[in-house]
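So the structure is just underneath, and the comments pick up after that.
The values are calculated or read from the model by the stated rules, or taken from the named source; none is laboratory data. Model, not experiment: these values are computed from the prediction. Neighbour counts are summed over all protein chains in view; Cβ atoms, including those assigned to glycine, are modelled from backbone coordinates with ideal geometry.
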């Protein structure tokens, strides 16, 4: 468990470059002009056990570069939030983790990611096997047009699991994990589309955790939900903390501050600042970060 | 800010235009429907008889100069034997038991002439009157006399007239010095008596004279001193096709029970200017006591090949009298049910089928059929084919229409009924005035009037039955037609023969449409659906952007071109390579699968880099599959089909095993694949240590699986064949060049683009989020497609198939050109068919406007309209449901 009680002023800056770059020139303007800017990464992260290492990840859509040399680690068993204005590449980065960008034409990747030490970007990797090690939840709830039960056990079905007992056990565990069990246990065999939006999203989370993923990727999971449903999802993320390593992309800074342990601020494909959520929101090292979290731009 | 006026005007205009367009579409659809219904409605609107018009025959006869000793007119009228009328319904003749022939005007009942048919006053003991006026008389002294009573037509003309127009063809022109004044004053349609005939002014302004012409041959002695009891003649139609013309046949029964069947030859002696009749007779002595068991009726069939003897108790004996064999008893049947009395017996038009009326008012029709299991000497059997609705009192008289299969029956209580035999429909009924018993009935030559002769006089009913043969059950259910062994669905709308009965069994055309649809869907639908799945789920978007339009262009190929190709190129080609064609269905998938397994051998990184080669390599594998078929074909033919597939299909050689095997191959492949995935794949997973090992094991599995598939198919088909089930005769049968297989191929081409485009759109419109969710959960593309995308887009796929179905049902040119157009009712894939659409295209140009045939074609159109309308509606409803579901996501 990372201690957030540490005083912000005593935390040291991660790199020398960041110190020297901490000048009059605004980093965001430098990025706009196409210059390279190094990220400020808080020292607390260096102490964490990582589930996912991001090494020099760049990504191009055709000729347009969308991610620039991202270096970061995702701590094991914690909730990490990616924030930043629209188009900053936070969703792109998330989708790199399970290679969902492969589905888009003309995408080129640079650098590598390692999930518990296994390369993700290597052309030799079996993408299907890789994706089975992760769970992903999308912006809009996207349950399959099947029963609630079949939705949850889908990852096991595609692995060829036929044992009814195993499936039922996993279904109950995942639904309990997603805090949905009590609401749907009597109608497991009704369509998942009959649920409310918030329930559908929790169903998707249940589906994502059914296969016991090493990392759970949440891509703006509450952006299509009303405040009450959002609250429930946030409570759920809170409960999942510790059991799963969670990487969440969010537009909502309050949400990031509420649910995450660590927060990364990105801007136009660059990682700007990455550190414990408390220090990032209350005492950021960079003025740009402060401006953003204070809502001065974005 | 107020909306600008121009915007409001544009909005209004657009709304108006759209409303007009939409309503116009619906209105024109309804109009087409109403038009079709309007054309079809008269078919079912029923028939009727007019109120009887009574003609008093007892009116004082004009003092005619009888050239023979006519009986005194005041004596009670002797029994009338026969009554006939001319085609213009101006005059008729009645033959009486005493040999008198009386000619009457049909409008007033005035007697025009009265002559005796028997010059020397001999006693008449037997008589027959044929439908074309041929008569045969038998006398007590064993002589017979043959003759013909006909109506002679002539046009009256004053000799001063220009006679350039005279004497064309058969019409006689009578040159008169002066046309009598009472005739020149006639208006069009008026009639007047002239000499012993009637003159009518025709719409062309000519004066047409109808006179009776009686030609009696010299008597011939056939049984010296023995009275002739019964006689009948069958005279071939004059001027008939020389091929069809047969000799005249005569049948008679003498008082001694001797049945004579004679061929009649007339020899003209130029020296004497006289025609003598020569009979060459075959005889059969009947084993019966002529005092107590004398037959009451004798009938000779139209071709002279069957003689029927009937007794009033309903017993009927049929004698085989075919040319060149001895006359022998063929069978005996009972025409009426127990206790009833046979009161009337006659022929239908064509003189092959019998109509019998009984004392309980029952009217039955008997067909001579030739079932395969017949035990009679000539292989024919009389069967009661139609039972017409019974009257309430005994049948007294029957008359068959000379043109169509209608029969009029007169009953004891004075009622008359008009039936259509084939459809068993009671068309109309009426009664004579004062409930007089109609002793003789006749239907006029043009089938427009029924005339009934009773004691009081003549009753005349006008027939209004334009479509007597049409009933819903006659159209859509099997109908027992004359000359068939059992009720069947037959479409046969025209023929060269006059006695031909058009057969409007629409079901055989509906069946043809269904068969065409099934076989083309069987070929087209899986290909189109699989192609849609492939392009929407597997192909990269750039390649798809080229392939999809290409397939859609296929839809713009005119179907007449496809039909032409099918009929003139593919059908003759496929005929030569049937085994190869059938083999492709197995070798092409085999080649593709084999290629897929070999592809796995590539190192993964190379495989990913060469991904773009997949499509061309698949095409190559397909070509290899076809090439394999040309190699395998001859072996298949010799191994499965005893060396000659066409003889095998005919059922001449080989066992059913080969055919079953080919049919069961896909099923067996599925079975083997399932078994392997359940039991072999887990073992394989454990055995393989590396990817290469796994792939090699995979290939080995495929090889073993292929062999196992063939073996399993062989085992199952041997079993089925051993149990005695043969697929020949049902699904496959004798090979015909223009067949369903060829049509299926070609029509597949016509429907593939439609089904493909719609189903690709349906699959592509499945929300990307579902695809992402499935792939994100670690599913392969195939798993995603099968488990998520296809179930979600299923209703879209279904509606695509339905629309393809609608297209296939209505397709005309391909089936017209390549299906052979034989309206047969079998599912044999190697035989042709005739669809509703093709039938309309073929027959409408030759159908007489507003005839039954014409209206039946409109009914076919209406059926087709209903069929496609229902299909498209179902497709639309499902598509709407699909859209609703898609919006939910």
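Here are some notes:
- Members of region A:23-41 found to be in contact with a helix residue (DSSP H, G or I) (Cβ under 6 Å, 6 or more places away or on another chain) and either in a loop (DSSP other than H, G, I, E, B) or on the phi > 0 side of the Ramachandran plot (or both), listed by number: A:37, A:38
- Set B:29, B:23: member being more than 29 Å from residue B:433 (Cβ to Cβ), surrounded by 10 or more Cβ atoms within 10 Å (Cβ to Cβ) and modelled with pLDDT under 95: B:29
- The residue that is nearest to residue B:773 (Cα to Cα), among those in region A:97-118 that are within 13 Å of another protein chain (Cβ to nearest Cβ) and without any contact (Cβ under 8 Å) to a residue 40 or more places away in the chain, is A:100.
- Among the residues listed as B:773, B:837, B:875, the single one being closer than 30 Å to residue B:734 by Cβ and either more than 14 Å from chain A (Cβ to nearest Cβ) or assigned to a helix (DSSP H, G or I) (or both): B:837
- Candidates B:603, B:549, B:589, B:541, filtered to the one that is within 30 Å of residue B:698 (Cα to Cα) and exposed (fewer than 14 other Cβ atoms within 10 Å of the Cβ): B:603
- Meets criteria (within 19 Å of residue B:775 (Cβ to Cβ), within 14 Å of chain B (Cβ to nearest Cβ) and in contact with a strand residue (DSSP E or B) (Cβ under 8 Å, 6 or more places away or on another chain)) for residue A:219: yes
- Applying the set (1) within 14 Å of another protein chain (Cβ to nearest Cβ); (2) closer than 30 Å to residue A:53 by Cα; (3) more than 18 Å from the chain's Cα centre (by Cα) to residue A:197 leaves exactly one unmet item: (2).
- Selected residue (only one of B:391, B:452 is surrounded by 23 or more Cβ atoms within 10 Å (Cβ to Cβ) and free of Cβ contacts under 8 Å to residues at least 40 places away in the same chain): B:391
- Residue that is farthest from residue A:174 (Cα to Cα) [pool: residues in region A:132-158 that are at the interface with chain B (Cβ under 8 Å from one of its Cβ atoms) and free of Cβ contacts under 8 Å to residues at least 60 places away in the same chain]: A:145
- The condition (being more than 14 Å from chain A (Cβ to nearest Cβ) and free of Cβ contacts under 8 Å to residues at least 40 places away in the same chain) is satisfied by just one residue among B:629, B:619, B:594: B:619.
- Strands (runs of 3 or more DSSP E) completely within region B:419-521 that count 2 or more residues being under 24 Å from the mean Cα position of the chain (by Cα): B:425-431
- Region B:685-712 residues that are over 14 Å from residue B:590 (Cβ atoms), paired with ones that are at pLDDT below 80 and not in a helix (DSSP H, G or I) (beta carbon under 7 Å, 6 or more apart): B:694/B:688; B:697/B:688
- Pick from region B:753-769, criterion surrounded by fewer than 22 Cβ atoms within 10 Å (Cβ to Cβ) and modelled with pLDDT under 90, ranking: farthest from the other protein chains (Cβ to nearest Cβ): B:765
- One residue stands out in region B:105-123 among those that are within 18 Å of residue B:57 (Cβ to Cβ) and in a loop (DSSP other than H, G, I, E, B): the one that is nearest to the chain's Cα centre (by Cα), namely B:106.
- Test: residue in region A:83-91 that is modelled with pLDDT under 85 and either farther than 23 Å from residue A:292 by Cα or not in a strand (DSSP E or B) (or both): yes
The rows are residues; the columns are (1) within 28 Å of residue A:236 (Cβ to Cβ); (2) buried (at least 18 other Cβ atoms within 10 Å of the Cβ).
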| position | (1), (2) |
| --- | --- |
| A:80 | yes, yes |
| A:86 | yes, no |
| A:89 | yes, yes |
| A:96 | yes, yes |
| A:105 | no, no |
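- Test set (1) modelled with pLDDT of 90 or more; (2) within 19 Å of residue B:364 (Cβ to Cβ) - residue B:440 fails condition number: (2)
- Among all positions in region B:800-818, there is no residue which is over 20 Å from residue B:521 (Cβ atoms) and surrounded by fewer than 24 Cβ atoms within 10 Å (Cβ to Cβ).
- Test set (1) more than 8 Å from chain B (Cβ to nearest Cβ); (2) surrounded by fewer than 19 Cβ atoms within 10 Å (Cβ to Cβ) - residue A:129 fails condition number: (1)
- Any strands (runs of 3 or more DSSP E) falling wholly within region B:321-369 and containing at least 1 residues that are within 19 Å of residue B:412 (Cα to Cα): B:342-347, B:354-358, B:363-369
- Residue among B:324, B:379, B:338 that is closer than 26 Å to residue B:426 by Cα, at pLDDT below 90 and surrounded by fewer than 15 Cβ atoms within 10 Å (Cβ to Cβ): B:338
- A single member of A:229, A:179, A:206, A:224 is more than 23 Å from residue A:293 (Cα to Cα), within 14 Å of chain B (Cβ to nearest Cβ) and surrounded by 16 or more Cβ atoms within 10 Å (Cβ to Cβ), and it is A:206.
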